[in-house]
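The values are calculated or read from the model by the stated rules, or taken from the named source; none is laboratory data. This structure is a prediction, so every number in the text was calculated from the model and none was measured. No Cβ is skipped: glycine too gets one built from the backbone with ideal geometry, and neighbour counts run over all protein chains shown. With ligands, DNA and RNA removed, areas are computed over all heavy atoms of the protein, side chains included. Shrake-Rupley method; radii C 1.70, N 1.55, O 1.52, S 1.80 Å.
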Amino acid sequence: MVPRISLLLRQAAILLALSGCICRAQSKNYKCSIINEAGFCFIENVYLDVTTNGIGADSSASMRVQFPRHPTLLIKSGAIPYFGKDIFALLGSTRQLHVYNSTSIRHLFIPVTNLTEINVQRNGLAEFDVEPVENRELKMLSIVHNGLISVPRNIRYLVGLEKLYLYNNSLEYFDLEMLANATSSLKILSIYDNHIKTLDSRTGLHFPKLQTLSLSKNKLAFVPYFEESFPALTVVSLRKNPWNCGWLRTIMQYIETWKIQVVRKDATCRDQWISEICCTYTLLDFIFDRQAAQLHRQQQLLRNVSHENQQLADTVHQLADDLHRLQLQLDQQQPPATSKSTSDAKSSDDSV
């Protein structure tokens, strides 16, 4: 009987030990591997799958994951296939989040949090979305060196956005209307090194605080409403685009007039140079130039006709003045009536 009780006790002890190991295995408490001079807390080997981050699991599972309570976190390596609400909920008081290089992310979902900066780069990310709730906290969003092919319409809910970096992706289309709710705050828009063929906009859409606009290394021919959309622009990058020469000529005059800095100009050009920016001379340019030349000739003809009309009017006025003077002279030279003529008239009356 005693040996049997001792055996049961040993088995119970083993089960308790195993359960303890399982609990410890499920718990993930990440620590800062280093805190650099800039105050970045580096975290390495962060592997959070669907079960671990709580998607489709109970909340107790997600509570076993803890990140350092630090204002600036930099996740340096690992894999977080779905970086969504449950992951962001673990960040606590963190204000700036950086997810770099060796950390794989397939999908990023940005909820409303107290984060002011999100910087995601070189993660193999192909898509992201934004919670459809007004977010005034997030000031800087940077998703760069990834594989984005589109920008979600829900980005319009980031109403406090001041800096948006989406460079070095695979975007082919960008609509400025998506940022209409951030017109009063946006200062930097960087979408260079994509495949953007169309940058859409509309009349009346203004970004009064936008100072830096980076458009280099795309496939743009023109930007609609450029002058009216960016009245505060101080820096622009334009190189390596197949700009329409007629449009570029007009815009460069505007840029030079307002002393806007053009950074990193084109080094080579196959078609035409305009202020060290290359443009493509197309059929549209040919038609534009021909119409411009025709308009110039018509304007010159109109100026000539107007000048000739003015000369003719001046001549008519001069002739009128001369005629008036001659009339005065003739009136002055005409002799007065003689006394003989008066007496003859009187005699004629008496004889009657």
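Solvent exposure of W247, expressed as accessible area, is near 40 Å², computed with a probe of 1.4 Å over the protein chains only. Measuring only protein heavy atoms, the 1.4 Å probe finds T203 accessible over about 90 Å².
Among residues other than R297 whose Cβ falls under 14 Å from its Cβ, what is the net charge (Lys/Arg +1, Asp/Glu -1)? Each step should come with its number before you reach the end.
Details: positive: R290, R303; negative: D289.
Within the 14 Å Cβ shell, the charges total +1.
Between A267 and L295, what is 0.36 nm times their sequence separation minus the Cα-Cα distance? Round to one decimal in nm. So the chain would gain 6.7 nm between A267 and L295. Here the Debye sum runs over all C-alpha atoms of region 243-324 as equal scatterers in vacuum, and log10 of I(q)/I(0) at q = 0.14 Å⁻¹ comes out as -0.66.
Convex hull over the alpha-carbon atoms of region 120-225: what's its volume per residue in Å³? Mind showing how you got there, number by number?
On the way: hull volume 9.4 nm³, N = 106.
So the per-residue Cα hull volume is 89 Å³.
Taking only the C-alpha atoms of region 158-204, the Rg (one decimal) and the largest Cα-Cα distance, Dmax (whole number), read 10.9, 29 Å. Taking a ≥ b ≥ c as the square roots of the eigenvalues of the Cα gyration tensor of region 90-182, is the shape rounded (a/c under 1.5), prolate (a/b larger than b/c) or oblate? Judged from the Cα gyration tensor, region 90-182 comes out oblate (a/c at least 1.5, b/c at or above a/b). Here the Kirkwood formula, the inverse mean of 1/r across different C-alpha pairs, assigns region 27-292 a hydrodynamic radius of 20.2 Å.
Pairs of C-alpha atoms in region 186-342 farther apart than 19 Å represent 68 percent of all such pairs.
Overall, the accessible surface of region 27-292 at a probe of 1.4 angstrom is composed of carbon and sulfur to the extent of 51 percent.
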